[in-house]
Amino acid sequence: MVSILVPCYNHENYIEDCLKSLCEQTYQDVELLINDDASKDNSWRVICDKKQELERRFHKVYMHRNENNQGITKSLNHLLQHATGEYIKILASDDMLDPMYIEKCVDYMEQNEDIDAVITNLYIGEESVNYSTRKDCTEFYYGSYPDFLGEGMLERVYQMDDIAAPATIVRKRVYDQIGWYDEKLNVEDWDFWLRMLKTGKRFGYIDEPLGTYRKNANSASSTVANKNLERRCLRILKSELRIIDKHKSCVNPSIYWARRNRTVMGYFYIAVNNHLKKLELYTRYQQLIDKWILIRNGK
């Protein structure tokens with residue numbers, strides 16, 4: 001059985017498309033677990049209105065709403081407590097899957113027992129894309145074939161974070177072996193991929209666009225300028241730095257410093273270009289810290 005975990009926050013305009021794409025999966029042995037993280041819009045109402053339809057389609061439906069906003073990692077860990085499937089598929093409530101996604105991924109993994117997770121390609125769409133227009137998208141997440149089984153995978157993911165979370169399904173045994181998501185972080189998937197790779201886990205790839213990633217200006221990882229930009233960027237920057245430092249022992253020091261500097265400078269330019277004073281102060285502080293450490297180490 002496959003457990004599909006859907007974390008939701010303020011996605012009233014997208015959650016129905018997401019759920020429709022799950023209901024139309026050709027693979028039947030599925031349970032659905034949804035967590036609304038105290039949305040301020042009508043997301044929870046939309047979810048509740050779909051309850052009977054979801055219960056007719058899935059073997060089990062678990063729906064939960066946090067009383068207060070807990071963040072993505074706590075929401076996912078809550079859902080993992082209730083997941084019973086052999087495979088875990090996490091899908092943000094503004095993304096969509098192709099009807100054949102689960103069937104093709106499960107078939108691939110059943111034929112490749114040594115593979116711990118499988119990734120597919122994705123369509124990338126604007127906010128206006130919906131379930132019926134998803135195949136009109138002309139942009140793809142992977143423009144060329146990615147070698148997920150080649151040498152240097154750990155260093156590459158450390159530098160690029162190029163595993164597409166909306167396109168990835170993981171065996172439940174992986175969570176049992178390496179643990180759930182780090183609740184101190186807001187970039188939970190990047191840290192989880194690195195933990196998988198550090199323990200020798202292997203990724204497979206299906207070269208088909210079997211899902212749709214929606215560019216949402218208000219998503220947790222968006223750097224699109226709006227009233228929430230500075231808050232989002234500060235949160236993401238702090239999490240990225242924690243992950244970079246957490247896993248620095250697994251890469252060469254030159255790679256560590258290049259990755260850390262790229263992160264800090266990237267958010268510095270966002271701060272300057274959008275007149276974000278708190279973000280600019282924080283990134284300048286990080287630059288000074290980095291210089292002090294390098295001077296102290298005689299570099």
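In this simple spin-label model, placing a label point 7 Å from the Cα along the Cα-to-Cβ direction at both Arg262 and His82 gives a separation of 3.9 nm. The Cβ shell under 15 Å around Val129 holds other residues with a net charge of -4, Lys and Arg each +1, Asp and Glu each -1. In this simple spin-label approximation, Arg231 and Val272 carry label points 7 Å from Cα along the Cα→Cβ vector, and these lie 2.7 nm apart. Highest average first, the peptides 73-80, 2-9 ordered by how many other beta carbon atoms sit within 10 Å of their residues are 2-9, 73-80. Against the main long axis of the alpha-carbon atoms of the chain, helix 72-82 sits at an angle near 40°.
How much net charge surrounds Arg195 when only the other residues with a Cβ under 10 Å from the Cβ of Arg195 are counted, with Lys and Arg +1 and Asp and Glu -1?
Details: positive: Lys198, Lys201, Lys246; negative: Asp182, Asp191.
Here the count lands on +1.
For the residue pairs Lys201/Lys248; Lys60/Lys238; Lys172/Lys198; Lys40/Lys198, the C-alpha atoms sit more than 28 angstrom apart in Lys60/Lys238; Lys40/Lys198. Stretching the chain fully between Glu55 and Ser132 yields a gain of 25.4 nm (0.36 nm per residue, less the alpha carbon separation). Could you work out the longest stretch of the chain that avoids the GluC sites (Glu not before Pro) located in DSSP loops with at most 12 other Cβ atoms within 10 Å? The reported range is 152-299. What shape does the stretch 229-296 take by its C-alpha gyration tensor, where a ≥ b ≥ c are the square roots of the eigenvalues and a/c under 1.5 counts as rounded, a/b above b/c as prolate, and the rest as oblate? Here the stretch 229-296 falls in the prolate category. Taking a spot 7 Å from the Cα of Asp107 along the direction of its beta carbon, which residues of the stretch 142-169 have an amide N less than 13 Å from it? Within reach of a label on Asp107: no residues. According to the Cα-based calculation, Rg over Rh for the chain is 0.97, with Rh computed by the Kirkwood formula. Taking a ≥ b ≥ c as the square roots of the Cα gyration tensor eigenvalues, the stretch 163-299 comes out oblate, since a/c reaches at least 1.5 and a/b does not exceed b/c.
Extension gain, Arg173 to Asn68: 0.36 nm times the residue separation minus the Cα-Cα distance gives 34.8 nm.
Each reported figure results from applying straightforward, stated rules to the coordinates on display, with no laboratory input. Keep in mind the model is a prediction, meaning the values are calculated, not measured. Positions of Cβ are backbone-derived with ideal geometry, glycine not excepted, and every protein chain shown enters the neighbour counts.
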